[in-house]
Each structure stands twice: as structure tokens, then as C-alpha cells.
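Novice: Following this message is one structure expressed as C-alpha cells.
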Amino acid sequence: MQPIQTECGDRDQTGSKTPDGGADSFLSGLVVFAAAALLALAVGVGPVTAAAGSQKSVASKITLKLDAGVMKRLNPWTFHGRVSSKVARCERGRRVELAYRPEGGGGAEPYGEDTTNRKGRYEIVANVTPPGRYVAKVLPKKKGDLTCGGGRSEPVTVTLD
């Protein structure tokens, strides 16, 4: 039988590979298959390891309000607010710091702290509240594969009346 030249390699009239041209086609096909398998393995493993080490970041927002006692300066004043986020676990168990900046200027000083409850609420009771600006801050926190962002409230100003 006379070999017939085709696009796929040398074949005889029955369609079987001929002994001389078939071996080269088989080896080149094997090399192509092995290269494709290695490429697929490299591409498949890359994103999995990248995803396993990546952190999802979620923004957090914090509010601050002040409730004065019945008689100013005699009863405790209560600073309170809420940490909110699109993800509930970024609201619970967050440390909130209250900072105070005196009326006449100067640097911010720590004034109190609390940890948010399961609803993201916090409360800081102050027996003495000097005039100045008060700001609540929540620091960024990692919770498993999630990074909860930090935040800063709008200032609350206390003045002498």
C-alpha cells in the first residue's frame, strides 16, 4: 500500500498510521499534551494560592452622640454611638476610643474606651466633661479572612454655657 500524505500525518489507504511517520506524530502530540497539562496545572494552582492568601477589606463607619445629665456638670454625661458596616462581624467586638482635644488647642488626648456589643453599639460614661472637641475612633481589625476598616466620627463640641 502506498502512504497518503494528510494534515494529520502519514496514513495508509486504510487510515492507519504508517510506521515511519506515525512515531514522530505520536511524540510531538505527547509533547504538546504534556506542555498543555503543565500549563493548565500552573494556571489552575496560581489563583487558588493567590485567593487563599488574599484579604477582603470592608469599610466601617462610626457615629458619636452626647447625652447630657439632668444638671450639667453634676450628673454623668454619656457618649454613645454605633459602628456600622455591610458585614455584621465588622460591627461586633470592636474597640472604640474616645479622644478629647481641649478648647484652647493642643493635642488630642485619650478620654475613654469601650467595646461594641453584638449590635455594634458602644457607650462611654464621663463624670467630668471639660470643654473641647470629642471624636470617636475605631481601629482596623483583622477577623479571619476579613479586614474591617477603621473609622473616625464627626466631632462633638462641648462648650461652657
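The values are calculated or read from the model by the stated rules, or taken from the named source; none is laboratory data. The shown structure was predicted, so the numbers you read here are calculated from the model rather than taken from an experiment. Backbone-built Cβ (ideal geometry, glycine too); neighbour counts: all protein chains shown. For accessibility, only protein heavy atoms count, side chains too; no ligands or nucleic acids. Shrake-Rupley method; radii C 1.70, N 1.55, O 1.52, S 1.80 Å.
Novice: If R₀ is 41 angstrom, what is the calculated FRET efficiency for the pair residue 128 and residue 57, using the beta carbon separation as r and rounding to 0.05?
Specialist: On the way: r = 38 Å, r/R0 = 0.93.
Between residue 128 and residue 57 the formula returns 0.60.
Novice: Here is a further query. Given a 1.4 Å probe and every protein chain left where it sits, what share in percent of the accessible area of the stretch 92-161 is carbon and sulfur?
Specialist: 48
Novice: With a 1.4 Å probe and every protein chain left in place, work out the accessible area per residue of the stretch 65-137 in Å², rounded to a whole number.
Specialist: Computed with neighbouring chains in place, this is 59 Å² per residue.
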